[in-house]
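*Asks:* Could you have a look at this structure, given as structure tokens, before my questions?
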Amino acid sequence: MTGASLRRSPGWRAAAPPPRIVHLGLGAFHRAHQAWYTAHAADAADWTIAAFTGRSPRAADELAGQGGLYTLIERGPETDRAEIVPTIVEAYPAGDVARLERLLAAPATALVTLTITEPAYRLRPDGTPDTAHPAVAADLAALRAGSAPGTALGRLLSGLRARRSADAGPIAIVPCDNLPDNGVRVRTALAALAGAVDPALAEWIADEVSVVSTSVDRITPRTTDADRTAAAVLTGFRDVTPVVAEPFSDWVLCGRFPNGRPQWETAGARFVDDIGPWERRKLLLLNGAHSLLAGIGLLRGHTTVAEAMADPGIRARVDAYWDEAVRHLPGGLDLDAYRGALADRFDNARIAHRLAQIAEDGATKLALRIVPILRAERAAGREGDAALAALAAWIGLVRAGAGAPDAKQAAIDDARRSADPVRALLAVLDPGIATDDIVAAVTAADPDRESVGAG
């Protein structure tokens, strides 16, 4: 790569406003989505971000070396365009809880955004924290002792406790993960955690913390060395941590911002009174199709979404799944146009969205994306063939030892070794679907066959 290293100008920190947004889960998607929207808001100069990593400190180390600057490459079907995004001004590893507490104790901090992935919430099906999980149990002990917790929600609660102690006023939490009712779930989880640690803190959160529900959408594949080279060519700067995303983006939000927010609507975000329909449209049509593509595509030897979509048999599977899913979505969401746009996005072969990446944490993803369609189809008296095929593909990969890394790996391994592995694996997803008829249907399903009817 040629060109100068990407850096801020000398003295930039003294001129930068203090961050008013704190983000947990610093990764490529946050930088392609929430940080990008903030950079494009009409009042962007008033809003900067302090971000914390989720697990590995690598992203913080790389961004800190560049003063938070990074290149965003929008990769269309034919060409690339690049911009340097200046919104992130501080980047820290997840373990710097002391800095997180100081930031949340500052009255100017208006909101916290989250992209910590579905499994990292560690929730039970009813939305309460899984206190049987060792990490959650350790967090409760740490919070009661006044020491630093380890999970994202535990660290967030520690920061909120610091804000209450500082009497810094109200704040908004904005989860941006693919969880149904993500705002309700985060509020429920925080209330339960706080109640187990300090009932007075739980009462303060109920009064002073708004949790906003969101639907987010922008395909953001993992960065490669070729992308780093492309960033240097497009901008003239060497960037060790660029981000690649498709040109399309979408953000729908529902909730209160008691301490202000950026004018995200000027960058294309939508604010609505009911997030549910938009959230379900994206979760079931985009994310659900992704999970189906990952399972069947990997079984058929494909590596990317575009490769899998180019396989006529798999494309027919996706169309059949979409037919099932749209039956259970309300009107007024322009579903035909959305399906068409999804197909065009999936066909973009220049976005190397790897199936192995999508397949990670498949147990949680399938439970949220595919199982609801199977249940709804069965309740309507239909088989749910496309949803069954997605489940059968995941089970086939797991039983072959080709499954992707999963937060529920211990339970998956136990299920694989059981006397009835199909039933046991279905129970990992949802005990309610581990019935004789669904076990038989999944066992009989052949997700690797060449073609399928429109269903």
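Where a number appears in this text, it was derived from the coordinates with a stated rule and is not lab data. A quick note: this is a predicted structure, and the numbers were derived from the prediction, not measured. Reconstructed Cβ throughout: ideal geometry from the backbone, glycine too, with neighbour counts over all protein chains shown.
*Asks:* Taking 2.2 N^0.38 Å as the expected size of a compact globular protein, what ratio does the Cα radius of gyration of region 100-232 give against it, to two decimals?
*Replies:* 1.15
*Asks:* Here is a further query. What is the Cα convex hull volume of region 4-273 when expressed per residue in Å³?
*Replies:* 124 Å³
*Asks:* In region 277-444, if every C-alpha pair distance is counted and binned at 5 Å from zero, what percent goes to each bin?
*Replies:* 1, 9, 19, 22, 21, 15, 9, 3, 1, 0
*Asks:* Using only the alpha carbons, work out the radius of gyration and Dmax of region 32-146 in angstrom.
*Replies:* Values for region 32-146 (Cα only, Rg and Dmax): 17.2, 56 Å.
*Asks:* Mind jotting down the three principal axis lengths of region 266-361 based on Cα atoms? Whole angstrom, largest first.
*Replies:* The Cα atoms of region 266-361 stretch 43, 31, 25 Å along the principal axes, largest first.
*Asks:* Would you be so kind as to identify which of 119, 98, 109 lies farthest towards the positive end of the dipole of region 76-127, taking Lys and Arg as +1 and Asp and Glu as -1 on Cβ and the Cα centre as origin?
*Replies:* 98
*Asks:* Going by average Cβ density within 10 Å per residue, which order do the peptides 377-389, 133-145, 295-307 take, highest to lowest?
*Replies:* Result, highest mean first: 295-307, 377-389, 133-145.
*Asks:* Assign unit charges at the C-beta atoms only (+1 for Lys and Arg, -1 for Asp and Glu), then state the dipole size of the chain relative to its Cα centre in Debye, rounded to the nearest 20.
*Replies:* Once rounded to the nearest 20, the dipole reads 960 debye.
*Asks:* Antiparallel as a % of all DSSP beta bridges within the chain, to the nearest 5?
*Replies:* 35 percent
*Asks:* Here's a follow-up. What's the percent breakdown of Cα-Cα distances in the chain across 20 Å bins, shortest bin first?
*Replies:* Distribution as computed: 24, 56, 19, 0 percent.
*Asks:* Please give the peptides 81-88, 270-277, 116-123 ranked by average Cβ packing (other Cβ atoms within 10 Å per residue), highest first, as a rough proxy for protection.
*Replies:* 116-123, 81-88, 270-277
*Asks:* Could you work out how far the C-alpha centroid of region 211-275 sits from that of region 379-437, in angstrom?
*Replies:* Comparing the Cα centres of region 211-275 and region 379-437, I get a distance of 33 Å.
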